[in-house]
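Notes follow once the structure below has been shown.
Since every read-out is calculated from the coordinates, none of them should be taken as a lab result. Everything numeric in this text was worked out from a predicted model, so none of it was measured. Reconstructed Cβ throughout: ideal geometry from the backbone, glycine too, with neighbour counts over all protein chains shown.
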Amino acid sequence: VSIAIRQVYTRAGLQYTSAHLLRHTMANRLLATGASIKDIADILRHRSLNTTRIYAKLDSRNLAHVALPWPGFFDMDTAGGQI
């Protein structure tokens with residue numbers, strides 16, 4: 001699989017990093033579009049949700065924007081993106 005992925009990177013003119021990076025990227029993209037950790041785990045064929053959580057690192061800045069709004073509680077602009 002890694003050889004095939006490397007060939008695709010080469011044909012696309014991209015610098016190869018690792019085939020495994022694609023799994024991490026997909027997990028993060030799925031999470032960002034609203035997929036559940038369980039759904040992502042099923043797609044990645046993980047037995048443990050803890051493994052999937054490693055792949056799909058939470059983006060706290062985006063998480064704050066989709067959380068229930070608490071007026072004045074989170075001000076991402078003045079907090080410098082930190083919660």
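Observations on the model:
- Per DSSP, loop trypsin sites (Lys or Arg not before Pro) in the range 1-53 with at most 16 further Cβ within 10 Å: Arg45, Arg47
- Two-site label geometry, Gln15 and Ser36: point separation in nm, points 7 Å out along Cα→Cβ: 4.0 nm
- Burial ordering of Tyr16, Tyr55, fewest other beta-carbon atoms within 10 Å first: Tyr16, Tyr55
- With the charge dipole of the range 1-59 set up from +1 on Lys and Arg Cβ and -1 on Asp and Glu Cβ about the Cα centre, the Cα lying farthest toward the positive end among the listed residues Leu49, Ile5, Ile37 is that of Ile5.
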